[in-house]
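Reviewing the structure listed below.
The values are calculated or read from the model by the stated rules, or taken from the named source; none is laboratory data. Computed from a prediction, not measured in an experiment: that's the story for all the values here. Here the Cβ positions follow ideal geometry from the backbone for every residue, glycine too, while neighbour counts run over all protein chains shown.
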Amino acid sequence: MLLISRSYFLRNGRNAYPANFVRIFGIFLFEKSKFIMQTSVKSLSLAEPWIYQILRKLAQISFILTIILIPFRLRTVIQSRPTPPLYSDYTDFLFFPADGFMLLTVSFWAFSLLIHPRKISLGARIVTLPLAGVTVMGWISTLFSLDPALSLYHAVRMVFLLFFYFYLLNEVSSPLAIIPAAAIQIAIQAIVGSAQVLEQHSIGLKLFGEHELDPAWHGISIYSINGVRWLRAYGLSDHPNILGGCLALGLLLLLFAASRRYTWRTMLVSGVFILGIETLFQTFSRSAWLAFTSGVVFFAASLWLTRRRLDLWRTGVLLFSSGLIILPILLFHSQAIATRLLLNPQSRNNPQEDQSIGERQLLNRSARLVFAENVLTGIGLGALPRAMRDRLPEFQVNYQPAHLVLLVVAAETGIVGASFYTLLLVLPWLALWFHRRQLRFTSDLAIASALMLAVGVLGLLDYYTWLLVPGRLWQWIIWGSWAQAYFRSRIDWNTR
């Protein structure tokens with residue numbers, strides 16, 4: 001700076017006005033700032049691989065923790081919004097541990113994209129585009145909602161779920177990457193659920209979200225054997241049906257892992273599988289049993305048709321050994337199983353089963369009535385229980401969504417939202433059939449399709465895959481896994 005000033009004054013002498021000197025000083029500051037910025041950018045470029053890898057690793061850890069915590073009932077109430085006689089979880093603003101780690105997953109991934117920009121894959125557009133359409137219609141439904149604040153709360157959640165879906169498409173290479181977290185999830189829930197069934201009471205884990213449980217209390221889910229009330233397995237979830245659904249989907253992933261090859265990891269996975277299958281049975285969730293069975297049948301058929309006979313043999317051995325281990329429990333509860341599956345003539349006179357089936361039929365009829373009155377606009381995300389209360393003030397059962405996801409989507413987002421959701425349900429199966437000769441039907445695509453079938457069965461018999469956090473997370477994870485597996489199968493075939 002001194003050299004520049006001296007040179008300037010020697011050339012200009014008395015004409016060197018202060019204003020000109022200020023201009024020189026400004027030029028100096030600009031050049032210095034430019035040099036500092038160039039140096040900083042160069043330093044960041046040198047550090048970029050380290051930062052990028054750290055952010056990706058943090059996103060992976062957050063993703064694993066998200067999966068582990070999916071079934072947990074533990075939550076923070078952001079805002080209590082009592083709306084009697086509705087169940088508070090339908091109207092309160094809640095935040096779950098799985099929500100927090102999902103947000104961290106998406107955030108770390110977004111920062112990694114800023115540090116190291118790269119192309120984002122859209123995966124199979126037969127899933128991505130309808131899913132984006134459902135998200136948009138969810139936001140539009142907030143304009144016509146009976147409870148705009150509640151619908152906005154759910155619409156924001158759907159946006160983050162869409163980002164989570166894109167993370168799966170771009171960063172989770174295979175369903176195999178989900179298996180360790182699914183195994184930990186199953187082990188935790190199975191140990192707690194089995195202990196509850198053995199004790200026939202809660203086991204003192206209220207700090208982690210466990211319900212206070214006693215089969216004699218009203219409102220607790222039970223099954224009956226010879227007039228004796230038996231507690232169903234809750235684990236650390238909100239309801240046995242939710243626990244059963246999570247176990248069914250996770251167990252399909254473990255079955256996939258165990259079918260590949262025999263290693264010490266396979267033996268560990270097999271042990272967790274047997275523990276999980278026992279707890280799945282103890283949830284006495286019909287929808288979960290049917291979902292798991294349909295997924296197993298599809299996966300086994302896929303292995304047979306693609307001539308993976310050794311994988312099919314390993315799958316059969318694990319299923320057979322699991323059945324032998326839990327056979328005494330199955331025999332002891334045979335009467336209750338027959339009643340739950342409506343195979344026992346006495347089930348027609350069972351008050352618990354009559355109430356369960358009657359509730360579902362009444363809720364479905366009520367949801368159809370609400371949809372018929374709001375075909376174009378819907379009544380807003382999450383607002384179906386309130387719409388039922390307003391439309392049917394003299395209701396015979398507890399207000400809750402219909403036990404059919406497509407009907408709930410139609411009532412909440414209107415006919416357009418329901419159309420997008422129908423495409424999500426139908427297009428993957430049409431694509432598998434019409435493109436079967438252009439597909440390399442990999443084991444990843446086989447298990448992703450089995451999971452798609454299982455979660456679809458859950459949606460036919462219950463509503464939590466649309467409304468509640470555990471079901472939503474599993475549903476969006478499965479959509480992401482299938483879209484990626486299908487997309488890669490098409491690429492693999494086209495590059496042969």
Just one listed residue, out of S173, S112, is at pLDDT below 95, within 30 Å of A258 (Cβ to Cβ) and surrounded by fewer than 22 Cβ atoms within 10 Å (Cβ to Cβ), and it is S173
Can you find even one residue in the range 140-159 that is farther than 30 Å from A431 by Cα, in a helix (DSSP H, G or I), outside the structural domain of I478 (by TED's automatic domain parsing) and free of Cβ contacts under 8 Å to residues at least 24 places away in the same chain?
no
Mind checking whether some residue in the range 195-203 is in contact with a helix residue (DSSP H, G or I) (Cβ under 9 Å, 6 or more places away or on another chain), outside any strand (DSSP E or B), among the acidic types (D, E) and assigned by TED's automatic domain parsing to the domain that holds R308?
no
I need a count of the residues in the range 89-127 that are free of Cβ contacts under 8 Å to residues at least 12 places away in the same chain and either under 23 Å from G382 (Cβ atoms) or acidic (D, E) (or both).
1
Kindly list, by first and then second residue, each pair from a residue in the range 306-333 that is assigned by TED's automatic domain parsing to the domain that holds F284 and farther than 18 Å from A450 by Cα to a residue that is surrounded by 12 or more Cβ atoms within 10 Å (Cβ to Cβ) and modelled with pLDDT of 90 or more, limited to pairs with Cβ atoms under 6 Å and residues at least 6 apart or on different chains.
S322/I274; S322/I277; I325/I274; I326/E278
Please indicate, with yes or no, whether at least one residue in the range 124-131 is within 19 Å of Y167 (Cα to Cα), outside any helix (DSSP H, G or I) and of a type outside the set (D, E, K, R).
yes
Filtering the range 73-91 down to residues that are within 22 Å of W476 (Cβ to Cβ) and of a type outside the set (A, V, I, L, M, F, W, C), which residue is surrounded by the fewest Cβ atoms within 10 Å (Cβ to Cβ)?
T76
Specify which of the listed residues (R389, R436, R440) is modelled with pLDDT under 95, over 16 Å from G138 (Cβ atoms) and part of a helix (DSSP H, G or I).
R389
Could we say that F160 is buried (at least 21 other Cβ atoms within 10 Å of the Cβ), under 25 Å from A110 (Cβ atoms) and modelled with pLDDT of 95 or more here?
no
